[in-house]
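The values are calculated or read from the model by the stated rules, or taken from the named source; none is laboratory data. Keep in mind that what you see is a predicted model, and the values were worked out from it rather than measured. FYI the Cβ positions are ideal-geometry reconstructions off the backbone, even for glycines, and counts take in every protein chain you see. For the accessible areas, the whole protein counts, side chains as well, though only heavy atoms, and no ligand, DNA or RNA atoms are used. Shrake-Rupley method; radii C 1.70, N 1.55, O 1.52, S 1.80 Å.
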Amino acid sequence: MNWLEEITNLRNYVLERLGKVQDRKELDELKLEIFKRKGKLSELKKFFDILKDEEKKNFGLKFNELKNELERIFKEKERQTTSREEKFLDVIFSFPSKKFYLGSQHIISLEQKRIIEIFAKLGFSAIDSPEVVSEKDNFDYLNIPSYHPARDLWNTIWIKKKGLLLRTHTSAYQVPYLKNNFPPFRVIFIGKVFRFEATDRRHEIQFNQIEGLSVVKRPEGNLGELKGVLKEFFEMFFERKVKIRLRPSYFPFVEPGLEVDISCFCKNGCEFCSFTKYIEIAGAGMVHPDVLKRGKIDTLTFQGYAFGCGLERLLMIKYNIPDIRYFLSGDLRFIKNFS
Ligand code: DAH
């Protein structure tokens, strides 16, 4: 038998059988018989091996024609033999599934990771630090005794157990770290801090800080290096050129203490920088010798610098976020912007 005959025979066979099909079950059986892997249709493929090139082409054309025709006929027959109930199920199963939001990491977690990566490039390791700390670590050891007016700068959330509190700043881990490690080191602590404050656009009861601490042999690790490190960090973080301005300021645990400003995104002054072209971004300074001594550091051999800044503030500047309260709001419209 030649191939054309076989194709015609198969076609006639299928049409005849289809004519007798009563219900969906019979139809499915027939469909399987024809289309399964070693079914009647693929039996015909043997001609691909037998025929010569010229004929193979003609056979291929006819074979595809038959296949397409049978598929079409079966589809049509399926439609006719499907019961109402089955049709209903078909519809259900062929509905596009509801799209749902898989979720992602929060902007704070994502950016924390980025910041850790940037500081790694600058030679700083990221260190975990506790959120519940002693009054001594948070205040006394940083030259803020209980009678000192500077304590008022940090509105503290106390814990019932005497002497413990939710850290008001990441600086609270400076002395514990100094005590337990031998210089030289350059580290960052990054994490949540807590303030007992009325919230508004710029204040939140809980936010995140990045603290840097470097202690190395003199004369390395001086203010010049601090300025360079901050410039590099801010340029990598904001992905643009940044000018750094250091202004004298007061933090009891550094001497001299500095306020760090970076050049604003604007050219000629804007409302955001109050037309000063600079934005306040961090506190910093040379670690106070008293603090180093409490950390059992030999201050004749080593010197240190430290800096601290608010993570949310950096992000508000970078992404133009108008209100710090968005970060903890759980509002998906906000969160999805950064997934
Ligand atoms: N801990 C300070 C605060 O929360 C910020 C700060 C200022 C950290 C100066 C430092 C520093 O390490 O040197 O306001």
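General observations
- Max mean-square fluctuation residue, GNM over the chain, Cα-Cα springs under 10 Å, options 30, 230, 110: 30
- Value of relative contact order over region 3-92, rounded to a whole percent, pairs C-alpha under 8 Å and six or more apart: 35 percent
- Between residue 104 and residue 293, the modelled label-to-label distance comes to 5.2 nm, taking each label 7 Å out from Cα in the direction of the beta carbon.
- Calculated accessible area for the chain comes out at 59 Å² per residue, all protein chains present (probe 1.4 Å; ligands, DNA, RNA ignored).
- Selected from 183, 130, 149 as most flexible by GNM, with the chain as the system and alpha-carbon contacts under 10 Å: 149
- Take the Cβ atoms of residue 218 and residue 179, set R0 to 25 Å, and the FRET efficiency comes out at 0.75.
- Approximating the spin labels as points 7 Å out from Cα along Cα→Cβ, the residue 51-to-residue 116 distance works out to 6.4 nm.
- Average 1/r across all pairs of distinct alpha carbons in region 3-92, invert it, and you get the Kirkwood radius: 14.3 Å.
- C-alpha long axis of helix 84-94 to longest principal axis of the chain, angle in °: 40 degrees
- Qualifying lysines (Cα of each under 27 Å from Cα of residue 161; at least 8 residues distant if same chain): 136, 179, 192
- For region 184-241, the C-alpha radius of gyration sits at 1.49 times the compact-globule guess of 2.2 N^0.38 Å, with N the residue count.
- Of 181, 143, 208, the residue with the greatest mean-square motion in the GNM of the chain, using alpha carbon springs below 10 Å, is 181.
- Net lengthening on full extension, residue 240/residue 200 (0.36 nm per residue, minus Cα-Cα): 11.5 nm
- Ratio of Rg to Rh over region 254-339 (Cα coordinates, Kirkwood Rh, two decimals): 1.15
- Cross-link partners of residue 77 among lysines (Cα-Cα below 22 Å; sequence separation of 8 or more within a chain): 20, 25, 31, 36, 40, 67, 87
- Along region 53-66 the Karplus relation, 6.51 cos²θ - 1.76 cosθ + 1.60 evaluated at θ = phi - 60°, assigns HN-Hα couplings of 3, 4, 6, 4, 5, 4, 4, x, 4, 5, 4, 5, 4, 4 Hz to successive residues, with x for each Gly and Pro.
- Accessible surface of region 3-92, 1.4 Å probe, proportion on carbon and sulfur as whole %: 50 percent
- Taking N as the residue count of region 100-167, its C-alpha radius of gyration divided by 2.2 N^0.38 Å amounts to 1.58.
- Percent of alpha-carbon pairs separated by more than 37 Å within the chain: 46 percent
- The chain, helix-only ellipticity at 222 nm - DSSP H runs n ≥ 4, -39,500 (n - 2.57), divided by all residues, nearest 500: -12500 deg cm²/dmol
- Sequence-distant aspartates and glutamates (8 or more away, or on other chains) whose Cα lies within less than 12 Å of residue 121: 232
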